[in-house]
Amino acid sequence: MKTVITFGTYDLFHIGHLRILQRGRQLGDRLVVGISTDELNFSKKGIKPIFSLAERVEIISALSCVDEVFPEESLELKGDYIKAYKADILVMGDDWQGKFDCHKSLCEVIYLPRTSGISSTLIKDHMIKMGAKPL
Ligand code: C2G
């Protein structure tokens, strides 16, 4: 049984999120997903996600390619999460290229190409241009 672990915020869930989760799952038998807490996202990006952690957990948990989810409280705990979930492979998008190579002693670390032309930020910017008021 090969376990794959991956991490993300997955705010305004979109096709780039779906594809990396599906590709991650294809690399093993079980996919575990760490979902950034609202506080971690604020510390990384200086903004709160549009969708709450509870909503993002509900969306990701409903996907057939996902076997288990948990809240990611801190970037520094990645090694602990890899050990706790006995992950064989850590998968991240290539916007994180090289950033988690320090975990190569714990598991294989694979960076997959991002889906081009889409991001939560682009969706937010587009909605604001269309006249949506920030929440
Ligand atoms: N992603 C992708 N293609 C896109 C957008 C995102 O493949 N067009 C991938 C990212 O590379 C990442 C995952 O989808 O692997 C989740 O993206 P985000 O929600 O933006 O995650 P992020 O806020 O970068 O959090 O510990 C790491 C962090 O929790 C990652």
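List of remarks:
- Amide H to amide H, with H built 1.01 Å from N, Phe51 comes under 5 Å of Leu12, counting only residues 5 or more places away or on other chains.
- Annotation for the stretch 77-94 versus the stretch 9-64: alpha-carbon center distance of 15 Å.
- Length-normalised contact order of the stretch 33-79 in % [C-alpha pairs under 8 Å, at least 6 apart]: 50
- Relative to the dominant Cα principal axis of the chain, helix 120-129 is inclined by about 0°.
- Full-stretch length increase - Asp29, Leu77 - with 0.36 nm per residue and alpha-carbon distance subtracted: 14.9 nm
- Accessible surface computed residue by residue for the chain, with neighbouring protein chains in place and a 1.4 Å probe, gives 56 Å² per residue.
- Only Cα pairs under 8 Å and 6+ residues apart enter the sum, and on that basis the relative contact order of the chain stands at 30 percent.
- Convex hull projection area averaged over all views, the stretch 1-84, Cα basis, nm²: 5.2
- In summary, the aspartates and glutamates within cross-link reach of Lys86, defined as a Cα separation below 13 angstrom excluding same-chain residues under 8 places away, comprise Asp29, Glu68, Glu108.
- The sum of -39500 (n - 2.57) across all DSSP H runs of n ≥ 4, divided by the residue count of the chain, sets its helix-only mean residue ellipticity at 222 nm to -9500 deg cm²/dmol.
- The lysines within cross-link reach of Lys124, meaning a Cα-to-Cα straight distance under 20 Å and a gap of 8 or more places when in the same chain, are Lys44, Lys45, Lys48, Lys133.
- GNM remark for the chain: springs join alpha carbons under 10 Å apart, and the peak mean-square fluctuation among Ile89, Ile47, Ile110 falls on Ile47.
- Label-point separation in nm, Ala84 to Leu106, each point 7 Å along Cα→Cβ: 1.0
- Heavy-atom surface analysis with a 1.4 Å probe gives the chain a carbon and sulfur content of 56 percent of its accessible area.
- Under the convention that each Lys and Arg Cβ holds +1 and each Asp and Glu Cβ holds -1, the size of the dipole of the stretch 3-129 around its Cα centre is about 340 debye.
- The stretch 79-90 - phi-based ³J(HN,Hα) in whole Hz, Karplus 6.51/-1.76/1.60, Gly and Pro as x: x, 5, 5, 4, 5, 4, 9, 6, 6, 8, 9, 9
The values are calculated or read from the model by the stated rules, or taken from the named source; none is laboratory data. Since the model is a prediction, treat every value here as computed from it, not as a measurement. Quick reminder, even Gly has a Cβ in these numbers, built from the backbone with ideal geometry, and neighbours come from all protein chains shown. Surface accessibility is based on the protein's heavy atoms, side chains included, excluding ligands, DNA and RNA. Shrake-Rupley method; radii C 1.70, N 1.55, O 1.52, S 1.80 Å.
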